[in-house]
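Presented below is the structure to which this report refers.
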Amino acid sequence: MKYLLDTDHISFLQRRSSTEFTRLMTRMSQYSPADFGLSIVSFHEQVLGAHNFINRARTNTDLIGGYTLLRETLQGFASAPVLPFDDEASGIFDELREQKVRVSTMDLRIAAIARSRNLVLLTRNVSDFSKVPSLVTEDWTV
């Protein structure tokens, strides 16, 4: 495994449309599927998003859409390697917090997972993730 997909790149893959999706797929097609992983933190973020969508639903159509989103999230993550937030990632996360790295908690957890496994993080949020020392990032949607 060489790359960890940030939640934003995962979202483009799920939507299956847009120029960003096309660019991302073009780049990914040059590699083996085994070169890519997802994080449990991205799964958490996406489940929270579906949960919020379900909670805001005012119609049966919206409710069905929310549960469809949740099911598709589950299926997508079930078909790919999902990296844990484990002791090594937690240790890196704590170090980054002690260094007062100013990145959101979920992003810092994703960065810690990538760093703990020496993976390149594929993200559109290069500006925030560039604050994380020794983290390599690339944006494959541009």
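Values quoted throughout were computed directly from the atomic coordinates according to the rules given, and no laboratory measurement underlies them. Please read these numbers as outputs of a predicted model, since none were measured by experiment. Positions of Cβ are backbone-derived with ideal geometry, glycine not excepted, and every protein chain shown enters the neighbour counts.
Between Tyr67 and Val47, what is the spin-label point distance in nm, taking each point 7 Å from the Cα along the Cα→C-beta axis?
Result: 1.8 nm between the two label points.
With Cβ to Cβ distances under 13 Å as the rule, what net charge do the other residues near Phe36 carry (K, R +1; D, E -1)?
After counting each charged neighbour, the total is 0.
Counting only helical runs of four or more DSSP H residues, what would the 222 nm mean residue ellipticity of the chain come to if each run contributes -39,500 (n - 2.57) and the total is spread over all its residues?
So the helix-based figure for the chain works out to -18000 deg cm²/dmol.
So if each residue of separation counts as 0.36 nm, and I subtract the Cα-Cα distance between Asp35 and Val82, what length gain in nm does that give?
15.7 nm
At a Förster distance of 25 Å, what's the computed FRET efficiency of Asn55 paired with Arg97, Cβ-Cβ distance as r, to 0.05?
For R0 = 25 Å, the calculated efficiency reads 0.25.
Going by how many other beta carbons lie within 10 Å of each one, how would you line up Ile64, Ile92, fewest first?
By the 10 Å Cβ count, ascending: Ile64, Ile92.
Assigning unit charges at the beta carbon (Lys, Arg +1; Asp, Glu -1) and nothing else, what dipole magnitude in debye, to the nearest 20, does segment 3-138 show about its Cα centre?
Computed charge dipole of segment 3-138: roughly 440 debye.
Using the Cα centre of the chain as origin and beta-carbon charges of +1 (Lys, Arg) and -1 (Asp, Glu), tell me which of Phe77, Met1, Gly91 is placed farthest towards the positive end of the dipole.
Of the listed residues, the answer is Phe77.
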